[in-house]
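To keep things clear, I will list the structure first and then write my remarks on it.
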Amino acid sequence: MNTAAVPSQRDAARTPADAGDAGYSKDLKARHVNMIAIGGAIGTGLFLGAGGRLHSAGPALALAYLVCGVFAFFVVRALGELVLYRPSSGSFVSYAREFLGEKGAYVAGWMYFLNWSTTGIADITAIALYTHYWSFFTSVPQWVLALIALAVVLAVNLISVKIFGEMEFWFAIIKVATLVCFMFVGIFLLATQHDVDGTKPGLSVITDHGGILPHGVMPVVIVMQGVIFAYAALELVGVAAGETDRPEKVVPRAVNSIMWRVGLFYVGSVVLLALLLPGSVYSADQSPFVTVLSKIGVQGAGDVMNLVVLTAAMSSLNSGLYSTGRILRSMAVAGSAPRFTARMNRSQVPYGGILLTCAVCVLGVALNYFVPSQAFEIVLNVASLGVISTWVIIMVCHLVFVRRAREGRLTRPSFRLPGSPVTEIVTVAFLLAVLGLMWNDPDVGRKTLMLVPVIAVMLVGGWFALRRRIAKAADRELTGFTE
């Protein structure tokens, strides 16, 4: 037996358990976790966001997706190693508590909640916008469609984790099948040199329209923030591992498959798009896949792709409610979230945390009522701060984890992040650089960065308000008291 793969009994005895993990079912199967990994890697960031980014950054967008994809893989690989060390539905919040203390867990949890609650607002806004594409729904107010979408996904999450897993499984199947079909069409157009809106596909499309960097380097730098947001939700693999009965087999397979999926679906799709039409033809208000298919006269392309993008937004909202429910429960047991978020229903679903996230999303319904044209942009940029902070915390946790392993205080599993500690340091530096470079975007990025001091003040104020309760919860755990 590989002794590095299985912690010793002594290690197991001193491995801190997360009280928030008690009571969950283990109903997620391998196929669910694998598809959750795919669903996390493929979303509206590709199906819709790639159009506007191709327009502003040009073919170099493929390189941006590749670079960010590599660092995203490092983050998920680090999280995967922590999961095999100790599976937990509290995921990185639970690991932050162990390796960074309660302050680290508090910051990790609430920044993740900020990420997914604002992403949820973006998702219900997107769903309402996509639904308005069909004339049948045009007369329905945007806020009504947003509220209906939220109610449907909430119901699915509250029934059982198995229903959530099935929903994500089929959402992912739809997204993957659509991408595969498009790539076959794109390759066929390239191979046959079929005209696309009067343009012969191939390298000449790039060389005749300004090359790889038609607008220079800065637009590529600016879109990095959006590219990283496109990869948000990859960390769901870590949360889902707490509700599967064989994480030691399921997680490594799901994590390792992320890299080739990123290369094939993200980078491959963007390269194909760049070879078929000039970047100037694509736009932010239309899926780039719809742009290509409509240019070659495919009937119903807009309807099909709109349905797929709608599915991607529903999948994202579904995942956000799932993950924040588990994260908030882990925090509530430790005293750093409202007590009611620790409650579970008969189906072993932490409904308290899910309802809290929904309450924030209801604010999104209000945004859709008062400022329907700006709702999506407002929340998307706030969510990006949560994504970057979550990834940084995962890498810092892994650094401390590796250091303790070298001190002989714990045993690393055989499934490891390569190149530690250099990999973690370089990844953190890259993520902080992306955050800093957002300042170069005066319209959106700079305004987003101005929110950082506001968020910091709110976190500090919340900590001082909760620290006594957190200390009491820690004392109860040490004395063996369980609620």
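Below are the figures for this structure:
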item	result
Cα coordinate range in region 224-360, projected on the principal axes (Å, largest first)	55, 35, 28
Non-local Lys pairs in the chain, i.e. 8 or more apart or on different chains, that have alpha carbons under 17 Å apart	6
Surface/4 of the Cα convex hull for region 275-420, nm²	14.9 nm²
Options Thr291, Ala191, Ile228, ranked by Cα towards positive dipole end of the chain, top entry (Cβ charges)	Ile228
Stokes-Einstein diffusion coefficient of region 24-473, Kirkwood radius over Cα pairs, 37 °C, 0.692 mPa s, in µm²/s	148 µm²/s
Value in Å of the Kirkwood radius, where region 26-101 supplies the Cα pairs that are averaged	14.9 Å
Listed peptides 270-278, 253-261 by packing density, highest first (mean Cβ within 10 Å)	270-278, 253-261
Difference of contour (0.36 nm per residue) and Cα-Cα distance, Thr199 to Lys472	91.5 nm
Percent of alpha-carbon pairs separated by more than 16 Å within region 126-212	73 percent
Net charge contributed by nearby residues that have their C-beta within less than 14 Å of Lys200 (K/R +1, D/E -1)	-2
FRET efficiency, 1/(1 + (r/R0)^6) with R0 45 Å, evaluated for Arg446 and Ser347 via beta carbons	0.50
Packing rank of 206-212, 426-432, 323-329, where each peptide gets the mean count of other beta carbons within 10 Å, highest leading	323-329, 426-432, 206-212
Kyte-Doolittle mean at least 1.6, axial Cα span of 18 Å or more - DSSP H helices of the chain	61-85, 142-159, 161-192, 218-230, 351-370, 422-437
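Just so you know, all these numbers are worked out from the coordinates, no wet-lab data involved. For clarity, every value in this text was computed on a predicted model and none was experimentally measured. All Cβ positions, even for glycine, are placed from backbone atoms using ideal geometry, and neighbour counts span all protein chains on display.
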